[in-house]
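Coordinate-derived values only; no laboratory data. Here the structure is a predicted model, which means the values were calculated and not measured. When we count neighbours, we look across all protein chains shown, and the Cβ atoms used for this are built from the backbone with ideal geometry, even at glycine.
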Amino acid sequence: MGVHIENLEELNQDFERRTPLEIVRWAVEKFSPRIAMTSSFGPESGVLLHLVSRVDPAVPVLFLETGYHFPETLAYRDQLAELFGLKNIVALKADPVRRAKLIEDSAGFPYEKNPDLCCAVNKVEPLEPVIKNYEAWMSGIRRHQTDFRKSVQAVEAYEGGRWKISPLVNLTSRDAWWYMKEQKIPQHPLWEKGYLSIGCWPCTRPVQAGDDERSGRWAGKSKKECGIHTFLKEVKPALTPEEKEAPSKDLGDGL
């Protein structure tokens, strides 16, 4: 039987006052062993990886091996895994037939011809069946990263009885940077070169001064997300009888 959370709204209100470590500890205690986390092993990934390692270094860390990672990212992954004693890093790869056809159909440049399909084949499709083996999934997304993510809650319910936990939801980039500095966590080698958010090398550029930290991803394109945070359908909490009867204008900024 799956985990039941009685009042998700109250839980999220409480988590607004909790530390990321407290949220990680709650998640692992609540859902283990049916919990995993995803990590890109990017510039701020060390924060959540370190927190999880303090609670349970055996939590599976799902890493999407797209075939297009910077060599520095792969080296950083191995460095953090050893440093934190992470015991269960799982590399997820695209179906080789699907990937070969994608490359063939795009004359070798799927990330240029159809970046949405490239992300779908190399990221979403490998992750989707695996994440559904777990009841809960921890991610490192934060509200301050983009407008798209500003409404993220610490705990969200999804169809199929699955839960997504974002322990770092309230952190700013500065918070993350200070945590890594105080904990002596090494930074991604490309961070000092202006890469504040790092994905696949064909679709990642250094961030320009004054731009948001993810502006270097798919630069020059309207694309903002790879799709791994959007393929599950969120289940919103049901309105109370009072909320159903209230005029919509009274809901104001609380939505």
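Label separation (residue 114 vs residue 130): 2.3 nm, computed from points 7 Å beyond Cα along the C-beta direction. Ordering 103, 126, 141 by the projection of their Cα atoms onto the charge dipole of the stretch 96-146, which places +1 on the Cβ of Lys and Arg and -1 on the Cβ of Asp and Glu, puts 141 at the extreme positive end. Since only 41, 27, 7 are under comparison, the one whose Cα sits farthest along the positive direction of the charge dipole of the stretch 6-48, derived from C-beta charges on Lys, Arg, Asp and Glu, is 41. When 156, 44, 128, 104 are sorted by how many other C-beta atoms sit within 10 angstrom of their C-beta, beginning with the fewest, the order is 104, 128, 156, 44. Among the trypsin sites (Lys or Arg not before Pro) in the stretch 73-143, those placed in a DSSP loop whose Cβ has at most 15 other Cβ atoms within 10 Å are 87, 93, 132.
For the stretch 108-210, the alpha carbon convex hull comes to 154 Å³ per residue, rounded to a whole number. Given R₀ = 22 Å, what would the calculated FRET efficiency be for residue 178 paired with residue 58, taking r from the Cβ atoms and rounding to 0.05? Once the sixth-power term is evaluated, E becomes 0.20. For the stretch 75-168, the Kirkwood estimate of the hydrodynamic radius, built from every pair of different alpha carbons, is 15.9 Å.
Sequence-ordered 3J(HN,Hα) estimates for the stretch 179-192 from the Karplus curve with 6.51, -1.76 and 1.60 and θ = phi - 60° stand at 4, 5, 5, 5, 8, 6, 8, x, 8, 4, x, 8, 4, 5 Hz, glycine and proline given as x. Our coupling estimate for the stretch 162-178, obtained by passing each phi through the Karplus curve with A = 6.51, B = -1.76, C = 1.60 and θ = phi - 60°, is 9, 10, 10, 10, 10, x, 9, 3, 9, 6, 8, 4, 5, 4, 5, 4, 5 Hz, Gly and Pro reported as x.
Gain on full extension, evaluated as 0.36 nm per residue between residue 159 and residue 5 minus their Cα-Cα distance, stands at 54.0 nm. Give 101/123; 93/132; 101/132; 150/193; 113/164 a once-over and call out the pairs whose C-alpha atoms are over 21 Å from each other. Going by Cα-Cα distance, 101/132; 150/193; 113/164 fall outside the 21 Å limit.
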